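The values are calculated or read from the model by the stated rules, or taken from the named source; none is laboratory data. Model, not experiment: these values are computed from the prediction. Backbone-built Cβ (ideal geometry, glycine too); neighbour counts: all protein chains shown. The accessibility values were calculated without ligands, DNA or RNA, using every heavy atom of the protein model including side chains. Shrake-Rupley method; radii C 1.70, N 1.55, O 1.52, S 1.80 Å.
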Amino acid sequence: MSATFLPFTRPSIDDETIAEVANVLRSGWITSGPKVLAFEAALSAYCGGRPVRAFSSGTATLEVALRLAGVGAGDTVITTPLTWVATANVILQVGATPIFVDVDPVTRNIDLGKLEAAIAPDTKAVIPVDLAGLPVDRDRLYAIAKKHGLRVIEDAAQSFGASWHGQPIGTSFGDMHDFVSFSFHANKNLTTSEGGALVLPADIDAGLCERLRVQGVRRFPDGGMDVDVLGGKFNLTDIAATIGLGQMKHLAAFTARRRELARHYFDCIDPARGFELPPADFGNSNWHMFQVLLPNGIDRGTFIAAMKERGIGVGVHYPALHLFSLYRKLGFKEGNFPHAEDIGRRILTLPLFPTMLDGDIDRVCTALSASLSENA
Ligand SMILES: *Cc1c(COP(=O)(O)O)cnc(C)c1O
């Protein structure tokens, strides 16, 4: 009999959290309430006291950040083509135009050496993405942003728990004009099942952020209300916030365990087989994902099937998004961003989550070698 199937990720929710969720369900108040406020306070403490508001997703946080930054029709926003498509979709959502900058083939993050050349007079903001939890160089990023007067909206969906030279992602690296967006989707390092949080710059009105979160509604003490801005429906529930509060207690342990497991991958993947490994960063990265590039010439679909046959789940995060039909219609095409395209075709996410055992990593490595022999 084969060992149980190993998924590429799996959330860890402890019994105390499950009991707390049950308490919320029995309480009579299950949508946004005291648990959301407590979760926002915990996140704010983690982010060095900065204002934080919770949302229903990391997509909603990005969209609201763009609106708060005043980005709209006629503006351009710079980002990476190698990310979850949400990062670019929100730019279109607010009526702006995305400008992509190719990635650095080593970090797989936006190539900051190419950023300045892409800045146009109508560029309002840049959205860097910390792919797999490896932070974009914050020193270099903010030096460029400051020089050109760009707003930074950090898409830190994958880097909650990561840091840059000892300073947690979520704290301020700029001069307080930066937003940080987190996602708490089920697959992220800290989850609320679905959810997100937006860390606000000092010059942004938190009240407006709250109105954009729910229909633009402003409430008055006499029970009356008014709407003077178009908001969405992006609030987090107390059920979800309770999961987040339970997860916060384990964040440091989750990150430490992920780092250990990542180290084990470096020890057991045979470099002679031609897999390209991620940067061996055990100080900054939270190891949200462990991603290899398949050797050239290997068919990824066949390889994924071979891994599955051996009981190993893998993922693809992500194909270069400018080659999706919607973006091709905007004029993007093959050859625009060669590094993102090459990585997008060969990248594979291996199993990595805190409750994995060292032996699971060995199993994955054995399956990698066997699947490669079969595919060659
Ligand atoms: C998950 C993710 C998002 C979107 O988060 P949701 O909570 O799923 O809306 C945005 N950007 C990146 C890089 C992500 O990984």
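Data table
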read-out: Spans of strands (runs of 3 or more DSSP E) in the range 207-309 with at least 2 residues among the hydrophobic types (A, V, I, L, M, F, W, C) and surrounded by 14 or more Cβ atoms within 10 Å (Cβ to Cβ); value: 290-293
read-out: Set P121, P135: member being closer than 18 Å to G58 by Cα and either more than 16 Å from the ligand (Cβ to nearest atom) or surrounded by 15 or more Cβ atoms within 10 Å (Cβ to Cβ) (or both); value: P135
read-out: Residue identified as aliphatic (A, V, I, L, M), in contact (Cβ under 8 Å) with a residue 12 or more places away in the chain, in contact with a Leu (Cβ under 7 Å, 6 or more places away or on another chain) and not in a loop (DSSP other than H, G, I, E, B) among L372, L368, L352, L348; value: L348
read-out: Some residue of the range 215-227 being among the β-branched types (V, I, T), in contact (Cβ under 8 Å) with a residue 24 or more places away in the chain and in contact with a Gly (Cβ under 9 Å, 6 or more places away or on another chain); value: no
read-out: The range 72-100, residues that are in a loop (DSSP other than H, G, I, E, B), in contact (Cβ under 8 Å) with a residue 40 or more places away in the chain and open to solvent by less than 10 Å² (accessible area, probe 1.4 Å); value: T80, P81, L82, T83
read-out: Qualifying residues in the range 23-64 (those that are surrounded by fewer than 24 Cβ atoms within 10 Å (Cβ to Cβ) and aromatic (F, W, Y)) - the one farthest from the ligand (Cβ to nearest atom); value: W29
read-out: The range 140-187, subset acidic (D, E) and either within 16 Å of the ligand (Cβ to nearest atom) or touching a strand residue (DSSP E or B) at 6+ places or on another chain (Cβ under 8 Å) (or both), residue farthest from N284 (Cα to Cα); value: D178
read-out: Residue in the range 199-211 that is within 14 Å of the ligand (Cβ to nearest atom) and touching a Ser or Thr at 6+ places or on another chain (Cβ under 9 Å) present; value: no
